[in-house]
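Here is the structure we will look at, set down as structure tokens.
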Amino acid sequence: MKNTLNYLFKKKFFFIFLLILILLQISNLSNQNIHGFNLGFNDLKWSGSNLFFQKKNIYEIFYSNNYENQIIGTQFPNYLISSIYFHLPLGYFEFDTAKIVWTIFSTILLINCYLLFDKKKFLVKNQDIIIFFSFITLLISKPFNMLISNGNFSIVCFWALNYFFLNQSNIKTIPTFLVLIKYSFAPILILYSILQKKIKILLIVLLINILLLFHFSYLFSYNFFQLSIDPLIIGSQTTASGFLDLQTLFGNHPSNITLKYLIIILISLAFYLIIYRLTLRDTLFDLCLLSLATLIFFKHLYYDQVLLLPLLIYSFKLSLKSRVIILSIIFYYWFIAYLDFLHPIRYWKSFMLFNNSLCLICIYLIFNSKRLSKKK
């Protein structure tokens with residue numbers, strides 16, 4: 001009995017977090033979230049899976065330009081084909097029920113994220129308190145509330161990245177498969193996996209996606225190669241402007257889309273590889289570096305700033321000066337950058353460049369800390 005009480009007392013922070021999270025999710029189900037976004041889960045990828053069970057091809061429906069009554073909100077098929085298969089369980093339900101199921105699912109993912117950080121030793125003083133307040137800050141942040149209010153898949157990518165780096169087991173195939181569903185997360189994670197000699201995992205994930213492409217193509221008598229590039233084409237037509245990334249800053253230059261993506265990918269991989277080679281390996285550092293590099297180079301909307309959570313925790317391993325700078329930048333991203341008074345300049349390239357520069361400052365600070373360690 002005494003041991004049980006000691007354990008519960010030790011986990012008091014977790015239970016407080018759990019209570020706040022559940023209350024927040026209930027609030028979002030009633031569309032009364034703390035920031036008042038009221039987005040109504042419009043980005044939950046339910047439409048494609050529901051149409052799948054009706055034996056309807058969502059890609060053909062999209063290209064018909066007559067999809068208003070069949071594709072809800074922004075549920076366009078702009079992710080890998082595996083996204084449709086991942087969301088298939090939701091297709092069994094009516095949309096309102098699917099929202100409840102997704103809320104429960106996302107709650108479980110967030111609980112697991114907390115436990116992943118809680119179980120890992122980061123050599124940070126008062127780690128339990130820091131993790132608790134970091135997660136509480138995340139829960140009340142604008143990016144997080146926007147993310148869970150519209151049922152976006154990024155909550156799965158957020159969990160998968162944390163699981164990929166922090167879980168003690170060698171089970172990496174599932175999180176890799178999930179992260180790569182969203183193109184903007186793929187390039188740097190693929191490079192990291194190659195550097196870590198996880199080629200087998202990448203091949204398994206590639207094989208699964210090829211099999212799903214063949215299955216969908218066969219089932220709907222749809223061209224395999226067209227299906228392979230449809231998400232990219234649809235994404236270029238439907239995805240909103242990014243928040244600070246180089247992809248958005250490039251705009252329509254160069255005009256050739258293939259060339260533009262190739263340039264961004266090559267620059268991002270070279271940038272990441274240089275830092276990777278010049279720094280010591282550390283699990284939390286690697287997670288922060290990959291998250292920051294992904295945000296800097298590839299198109300991410302505002303809600304993807306939740307990826308800064310590991311950086312928030314990592315900042316407590318740095319000097320006080322560096323920590324204050326990083327915490328100030330995260331506070332700006334999470335609570336200021338999307339305030340109404342900034343709306344007129346939100347899509348100005350100069351404003352995006354400013355946001356990008358802040359992210360680069362964060363990378364410099366964590367890079368400098370690991371580089372100094374290497375010199376000693």
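Can you tell me the order of 288-296, 207-215 when each peptide is scored by its average per-residue count of other Cβ atoms within 10 angstrom, highest first? Mind showing how you got there, number by number?
Values: 288-296: 24.3, 207-215: 14.2.
Result, highest mean first: 288-296, 207-215.
Using only the Cα atoms of region 270-376, build the gyration tensor, take square roots of its eigenvalues as a ≥ b ≥ c, and label the shape rounded, prolate or oblate: rounded if a/c is under 1.5, else prolate if a/b is larger than b/c, else oblate. Prolate.
Karplus-based coupling profile of region 281-291, in residue order and whole Hz: 7, 7, 4, 5, 4, 4, 5, 5, 4, 5, 5, with θ = phi - 60° in 6.51 cos²θ - 1.76 cosθ + 1.60 and x standing for Gly or Pro. Distant-in-sequence amide contacts of L244, defined by a placed amide H-H separation under 5 Å and a gap of 5 or more residues or a different chain, comprise H300.
Between the alpha-carbon centres of region 146-215 and region 79-120 there is a gap of 15 Å. Qualifying trypsin sites (Lys or Arg not before Pro) in region 189-267, where qualification requires a DSSP coil assignment and no more than 13 other C-beta atoms within 10 Å, comprise K197. Residues L29, L80, arranged from fewest to most other Cβ atoms within 10 angstrom of their Cβ, appear as L29, L80. Cross-link reach is defined here as a Cα-Cα straight distance under 16 Å, omitting same-chain residues fewer than 8 places apart; for K260 the lysines meeting it are K299. Within the listed set K56, K11, K299, the Gaussian network model of the chain (springs between alpha-carbon atoms below 10 Å) gives the highest mean-square fluctuation for K11.
When each of the peptides 118-130, 309-321 is scored by the mean number of other C-beta atoms lying within 10 Å of its residues, the order from highest to lowest reads 309-321, 118-130. Per-residue Karplus couplings for region 104-120, computed as 6.51 cos²θ - 1.76 cosθ + 1.60 with θ equal to phi - 60°, are listed in order as 5, 4, 5, 5, 4, 4, 5, 4, 5, 4, 4, 5, 4, 5, 5, 7, 7 Hz, Gly and Pro entered as x. Here the 3J(HN,Hα) profile of region 165-171, calculated from phi with Karplus coefficients 6.51, -1.76 and 1.60 at θ = phi - 60°, is 8, 9, 5, 6, 7, 9, 7 Hz, Gly and Pro shown as x. Normalised by 2.2 N^0.38 Å, where N counts its residues, the alpha-carbon radius of gyration of the chain equals 0.99. Going from the fewest other Cβ atoms within 10 Å to the most, the residues E60, E68 appear in the order E68, E60. Note: region 125-240, Cα convex hull, 145 Å³ per residue. Taking the helices alone, the chain has a mean residue ellipticity at 222 nm of -21000 deg cm²/dmol, built from -39,500 (n - 2.57) per DSSP H run of at least 4 residues and averaged over all its residues.
Since every read-out is calculated from the coordinates, none of them should be taken as a lab result. This structure is a prediction, so every number in the text was calculated from the model and none was measured. Using ideal geometry, Cβ is built from the backbone for each residue, glycine included, and neighbour counts are taken over all protein chains shown.
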